[in-house]
Amino acid sequence: MITCDLIAPRDLSETDIGAWRDMARQTFAFGSPVLSLDFCAAVAQVRDDVKVAVFRRAGKTLAFLPHHRRPGQFARPVGAPFNDYTALISFPDTVFPTREALALAGIRAFQVSGLIDPYGAFDGFEGEPEDAYGIDLTHGETVNNVDKKHLKNINRLRRRLEEDHGEIRFELPDFTPEHFEAMLAIKRAQTAQTGIHDFLSAPWVQALMRQLFVRPADTQTQLYGHLTTVTAGGKPIIWHFGPRLGDRIHPWVSAFDPAYSAYSPGQIFLQGCQTPLRELGVNYYDLSTGQQHYKNAFCNNHSVVQHGRLFAASGQGRTSETLSRLIDSGGKALGVSHLTQRLGRRLDQLASLELDLGGRVNGTIYAFANARKRLSQ
């Protein structure tokens, strides 16, 4: 018989902590910084709705499902929308169906983002697929998909940037507070300009980012916020920031000074980052999903993840699933399913960021008021 305990991250036993870390070591996908116990614990320090569903059989730990428990028996992955990946974390030979796991955990529906499922726990789930990318740095000078013509243009832009503004340098890890604050300010200005919701404004997000940034950099054991800053003539022009754990980095925020846009600083970063990252002991730089027009060129590792909503094998779960299917069918019949899916993703991201009604209402009003601006990008 399988049982489920709902435990706050700080209350996990040493046995459970050891099992989680062993699972991460045995399965590459589970070793992502955003699927780690350390990340779960960091988010729990800034939010009070984090729980870990621990599944056991005869006292033996089988799997972990870290999540935010929201009203109405609804759940999201810990740290959404910054987590990027969802998984039922387990040993290779001990997985059981996730729909049953949700029912045991008292979860009616679970919003899945970036689902990775190496052992078939989510069999039958039909989500929206999306490509995820990373840079595997374990093969010496890593080959990517940048063709000779493209590479020639990047090198030309880099030389021009240095001629105009001075030597380009990668500073990593960068713990300069002014650089960190400049990155946040530029990224928030960019969201305002494009009309998307300011995903960095929520108090818990601000607290999480700063908490990780000020942690000491222990690259062997501790999760910390890794900032890479590229400077030209000593002036910061582009930043990448996100959690690092061990030999893996998962950047969340990518920002560049728009005054340097003519030099394509993002491409200069991605073409030039391999050597400094490798020298720092990084073996995998996880760029995840989104902005695929350039990730496919600069990355050498690719997988497909899924987004959507999974329902529990329970009465309430099946009722919710039936209602969801009826809404989807109605959207398809009216020919607006692509619009309803896009709206649903927007509203779900808003709900994952804004935890009170006032914030969600204001965010929804802002989204509709700026819809035309976003569509014109």
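The values are calculated or read from the model by the stated rules, or taken from the named source; none is laboratory data. These figures come from a predicted structure and were not determined experimentally. Every residue, glycine as well, gets a Cβ built from its backbone with ideal geometry; the counts of neighbours run over all protein chains shown. The area values use the complete protein model at the heavy-atom level, side chains included, leaving out ligands, DNA and RNA. Shrake-Rupley method; radii C 1.70, N 1.55, O 1.52, S 1.80 Å.
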Worksheet entry | Pairwise centroid distance, computed over Cα atoms, of segment 246-300 with segment 84-117, Å | 30
Worksheet item: For segment 139-282, which whole percent of the accessible surface, found with a 1.4 angstrom probe, sits on carbon and sulfur atoms?
Response: 53
Practice prompt. Convert each backbone phi in segment 96-104 into a coupling constant with the Karplus relation 6.51 cos²θ - 1.76 cosθ + 1.60 (shift: θ = phi - 60°), then list the ³J(HN,Hα) values in order as whole Hz, x for Gly and Pro.
Written response: 10, x, 5, 4, 6, 4, 4, 4, 5
Discussion item. Helix 177-194 against the longest principal axis of the chain: what's the angle in degrees, Cα atoms only, rounded to the nearest 10?
Written reply: 70
Practice prompt. Would you kindly derive the ³J(HN,Hα) couplings of segment 268-274 from the backbone phi angles with the Karplus curve 6.51 cos²θ - 1.76 cosθ + 1.60 (θ = phi - 60°), listing them in order in whole Hz, with x for Gly and Pro?
Written response: 4, 4, 5, 6, x, 7, 4
Practice prompt. Send over a whole-number figure in Å² for the accessible area per residue of the chain, probe 1.4 Å.
Written response: 47
Item to complete: Please state the charge dipole magnitude for segment 139-282, taken about the Cα centre, from unit charges on C-beta atoms (+1 on K and R, -1 on D and E), reported in debye and rounded to the nearest 20.
Response: 360
Worksheet, complete the sentence: Cross-link reach from residue 51 to aspartates and glutamates, straight Cα distance under 12 Å and at least 8 residues apart if same chain, gives 5, 11
Fill in: residue 189-residue 217 pseudo-label distance in nm [points 7 Å out on the Cα-to-Cβ vector]
2.6
Discussion item. From the phi angles alone, apply the Karplus equation (6.51, -1.76, 1.60; θ = phi - 60°) to segment 313-323 and give each ³J(HN,Hα) in whole Hz, x where the residue is Gly or Pro.
Written reply: 7, 9, x, 5, x, 5, 4, 5, 5, 4, 4
Worksheet item: For labels at residue 309 and residue 47 in the simple 7 Å Cα→Cβ model, what's the distance in nm?
Response: 1.7
Worksheet item: What spacing in nm lies between the two simple spin-label points modelled at residue 126 and residue 207, each 7 Å away from Cα in the Cβ direction?
Response: 4.1
Discussion item. Could you order the peptides 174-187, 101-114, 54-67 from most to least packed, using the average number of other C-beta atoms within 10 Å per residue?
Written reply: 101-114, 54-67, 174-187
